[in-house]
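Report on one structure; see the data block that follows.
Just so it is clear, none of the values below were taken in a lab; they were calculated from the coordinates. What you see is a predicted model; the values in this text were computed from it and never measured. With ideal geometry, Cβ positions are generated from the backbone for all residues, glycine too; neighbour counts draw on all protein chains shown.
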């Protein structure tokens, strides 16, 4: 299985279990390690597939409707399509702006995460060597403990960055859900225009 497939599989399992889009940290934990950069690229394609699967279908006005209602119904249909298209285009533009901002934040978080992961891996090796030399050099052990504390401070900073990314992701999904609700409302209005109620018959003796 390729790295991308493994990332997609892990994301599917976490989403099925929690009902929420998984974070980079959760994916890395499920995989047992890996580069945040690689995981981030895999998650971009996973999110694109998920968005495509949930996108609503659009259909043109049925020919039977336009033939029966005539030119007036066709004009109303075109106006409604224009309104819906403008609204959806505006929503897509807003989502695209939010997506670009989120991608920039994710790229910065991924870069910091990779740097920190590399430093932590390097420090683990140094700690092993220093533990062997602890009996000979107490000062080296103190220095190692200090560096671990600094690494923990940076790890806490990364956790805050990742939590901020998670919040931005939730906001982006909320905007997407609102856009889908607005689209559904517009489709309902279009359906009402396509199927107008016939006028009530006049009572006997009335003009």
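Exposure proxy check: 81, 7 ranked by fewest other beta carbons within 10 Å?
Going from sparsest to densest Cβ surroundings: 81, 7.
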FRET efficiency (residue 35, residue 89; Cβ distance; R0 45 Å; to 0.05) is 0.75
1/(1 + (r/R0)^6) with r = Cβ-Cβ of residue 101 and residue 132, R0 = 41 Å, i.e. FRET efficiency to nearest 0.05, evaluates to 0.30
Over all viewing directions the Cα convex hull of segment 69-193 casts an average projected area in nm² of 9.6
Per the rule of 0.36 nm per residue minus the C-alpha distance, extending residue 121 to residue 147 adds in nm 8.1 nm
Simple SL model, points at 7 angstrom along Cα→Cβ for residue 180 and residue 159; separation in nm is 3.2
What the Cα atoms of segment 1-50 span along the principal axes, largest first and in whole Å, is 24, 21, 18
